[in-house]
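The values are calculated or read from the model by the stated rules, or taken from the named source; none is laboratory data. Everything quoted here is computed from the prediction, not taken from an experiment. Glycine gets a Cβ as well: all are built from the backbone with ideal geometry, and neighbour counts include every protein chain shown. Areas reflect the complete protein model, heavy atoms only, side chains present, ligands, DNA and RNA absent. Shrake-Rupley method; radii C 1.70, N 1.55, O 1.52, S 1.80 Å.
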Amino acid sequence: GSSTTGSLAETPMVAARTSGAGGATENNAALCLPGTLEPAAVAGKLVVCERGVNARIEKSFVVRDAGGVGMVLINTSPNSLNGDLHAIPSVHIGDDALEPVYDYLETADPTGSIEALDAGDSDTQVPEIAGFSSRGPSITTPGDILKPDIAAPGVDVLAAVSPVGPTHYNRNYDLVSGTSMASPHIAGLGALLYQKHSSWTPMMIKSALMTTATDHASTDASDGGVFAQGAGFVQPNPAGDPGVVFDSGVVDWLGYLETYVGNLDAGFGMTIPTVDGSQLNAASIALGNLTGVETVTRTLKNVSGQSESYTPSVELPGIDVTFEPATVTVPAGQSRDVEITFTRDDAPADEYSTGSLTWNGNNGHVARMPLAVRPVEVAAPAEVSGEGASGDVDIEVTSGFTGTLGTAVHGLVGATPSAESVAIGPFDDANPVADADTDRFEVDATGAEAIRFDVDGAASADLDLWVYQVVDGEEELIDLSADGDADETVTLRNPEDGTYVAYVNGFAGDGNYTWTQWVVGGADAGNLTVTPPSQQVSVGDEVTVNAAWSGLDTTKRWLGVVGWTKDGTEVGSTLVSIG
């Protein structure tokens, strides 16, 4: 595990979960929350605490104050390992050890020790992406902008802190982790680059940092690749001389917003042409829906001070990539366009192929950008919506194959919203419990095409939605919606048969909300008609399908699925929500 404290000789070992003080719940004792441990049970012991709810470092102080002499902090789900500056000798281990450790604690007279590793004993690859670091792809766009962009140091960074308050226990320095450390690394490097190149725009600085980054030692397909690291691990010195950069400005990004938000023209007093996310001149390329062939343009701006010719090379399994021109010469201070065409070869549908595009300059500069391309048989909106007892909506569909594009209707299913209220209080995602500050809802998804849980709360509230699947009697977290407001939705497409549980937690503010849940089965309910039901298409064809509904009870909210079929086999779908 991870530790920065001293070692501990062989010591009797006990689980905090079974060492709770009177009145403490088993779950709260397991978390080593303040006041939950029984001194008689933990005095002189090495105590096993579970991660979650309260600060990691606080747990060691709770153990110390109850008389414990050491702590094993154990993750209950995949997460980072942190060498915090604990109050007593401590080690932090991963969730894969949770069951073995608890099994061992049930044996007679368990003991444990904390020992330093000898050089070479650790198999940790450095740098490596932390378990808590968010992975892509971004779900806020159709996949045409790659996120994350880049990675920087963010785990156990020694930093000056305020001694005021309970967090750092009167220290002037501490080990700090998270975006709160990685982000200022990038901001500081951006400031240094701006000092060196005061004429560079923010996007030129971002490009320089991205194209000179390196792969993480731990980054492979199982770790998420570009969806874990973005362009890679930031390298400050090479970023000062990247050779070329990829620049974009305010109007470009307004055009991107216009594409997905619309109605920006009046507010800015100008006509804003739309820009597809994949066509933004970014230092990465992402295509969320490749229907056969797609061409994007990248503009290389030479910032090296001398003319240089660049030849591209690509690593992208299952996708053919060609360039026009094949080699581009960019004079000093000038820019040149290159058209990049992606053609699906044998890459599987609905799966991302990830890799990199490297621009190799004849003067020694190398600029590398991450790639993420997902071929699809059908490109269609994830969801369309409407209002009223009857109505219709057009759905624009692009074919990635040649053959018969057919349709299959599931639903519409009506659901009556219900008024609910929840108290404000904590929630432990590893040990969810329905209590005053958490509501629990359960559904059977056998034969379901889609499940949706929806929370609609007051503007002043902050409610969170957590969704679990019941597997072998245990609830496993599979999705969540937990941003800073009270409007939260989780939709599960093609869920496995079985039971699903949703928890609504009151995080802050007003706990009143409206709850709605749907389970859309495979049957056509007869209230949604798709026209035409089928048609012949070729690769790249753009067609329009009309979905019309009728006879709906407007006191309910309705949800259905239009499935898209390729020669009779369903290869995609679009949700239809009414009300």
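This table checks each residue for (1) under 30 Å from MET210 (Cβ atoms); (2) under 23 Å from the mean Cα position of the chain (by Cα); (3) surrounded by 20 or more Cβ atoms within 10 Å (Cβ to Cβ).
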site	(1), (2), (3)
THR358	yes, no, no
GLU396	no, no, no
GLY400	yes, no, yes
GLY403	no, no, no
SER421	no, no, no
VAL433	no, no, no
PHE441	no, no, no
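Exactly one residue out of ALA389, ALA408 is touching a Leu at 6+ places or on another chain (Cβ under 7 Å), open to solvent by 20 Å² or more (accessible area, probe 1.4 Å), over 21 Å from GLY143 (Cα atoms) and at pLDDT 95 or above: that is ALA389. Exactly one residue among ASP462, ASP497, ASP567, ASP483 is surrounded by fewer than 15 Cβ atoms within 10 Å (Cβ to Cβ), farther than 30 Å from THR404 by Cα and charged (D, E, K, R), and that residue is ASP483.
For the criterion of being in contact with a Phe, Trp or Tyr (Cβ under 7 Å, 6 or more places away or on another chain), touching a residue at least 40 places away in the same chain (Cβ under 8 Å) and not charged (D, E, K, R), THR446 fails. Scoring PRO370 on the criteria (1) in a strand (DSSP E or B); (2) out of contact with any Ser or Thr (no Cβ under 7 Å at 6 or more places or on another chain); (3) open to solvent by less than 20 Å² (accessible area, probe 1.4 Å); (4) not aliphatic (A, V, I, L, M) leaves a single failure, condition (2). ALA347 fulfils the conditions (1) open to solvent by less than 20 Å² (accessible area, probe 1.4 Å); (2) more than 25 Å from THR407 (Cα to Cα); (3) out of contact with any Asp or Glu (no Cβ under 9 Å at 6 or more places or on another chain) except for a single criterion, (2).
May I ask you to list the residues in segment 139-178 that are without any contact (Cβ under 8 Å) to a residue 40 or more places away in the chain, touching a Phe, Trp or Tyr at 6+ places or on another chain (Cβ under 9 Å) and either more than 29 Å from PHE61 (Cβ to Cβ) or open to solvent by 40 Å² or more (accessible area, probe 1.4 Å) (or both)? THR140, PRO153, LEU158, ALA160, PRO163, listed by residue number. Looking at segment 269-323, the strands (runs of 3 or more DSSP E) lying wholly inside it that each contain 3 or more residues that are aliphatic (A, V, I, L, M) and more than 23 Å from the chain's Cα centre (by Cα) sit at 293-302. Filter segment 292-342 down to residues that are acidic (Asp, Glu) and in contact (Cβ under 8 Å) with a residue 24 or more places away in the chain and give me whichever is least open to solvent (accessible area, probe 1.4 Å). If we take residues in segment 292-342 being acidic (Asp, Glu) and in contact (Cβ under 8 Å) with a residue 24 or more places away in the chain, then GLU308 is least open to solvent (accessible area, probe 1.4 Å).
For segment 62-87, taking the residues that are surrounded by fewer than 19 Cβ atoms within 10 Å (Cβ to Cβ) and at pLDDT 95 or above, the one that is farthest from the chain's Cα centre (by Cα) is identified as GLY67.
Every residue, every condition in (1) out of contact with any strand residue (DSSP E or B) (no Cβ under 8 Å at 6 or more places or on another chain); (2) on the phi > 0 side of the Ramachandran plot, yes or no:
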| position | (1), (2) |
| --- | --- |
| PRO153 | yes, no |
| PRO163 | yes, no |
| ASP174 | no, no |
| ALA217 | yes, no |
| VAL226 | no, no |
| GLY230 | no, yes |
| SER248 | yes, no |
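Of note, PRO110 does not satisfy the criterion of being closer than 22 Å to ALA66 by Cβ, in contact with a helix residue (DSSP H, G or I) (Cβ under 9 Å, 6 or more places away or on another chain) and open to solvent by 60 Å² or more (accessible area, probe 1.4 Å).
What is the number of the single condition among (1) hydrophobic (A, V, I, L, M, F, W, C); (2) out of contact with any strand residue (DSSP E or B) (no Cβ under 6 Å at 6 or more places or on another chain); (3) in contact (Cβ under 8 Å) with a residue 40 or more places away in the chain; (4) part of a loop (DSSP other than H, G, I, E, B) that ILE57 does not meet? Unmet for ILE57, out of (1) hydrophobic (A, V, I, L, M, F, W, C); (2) out of contact with any strand residue (DSSP E or B) (no Cβ under 6 Å at 6 or more places or on another chain); (3) in contact (Cβ under 8 Å) with a residue 40 or more places away in the chain; (4) part of a loop (DSSP other than H, G, I, E, B): (4).
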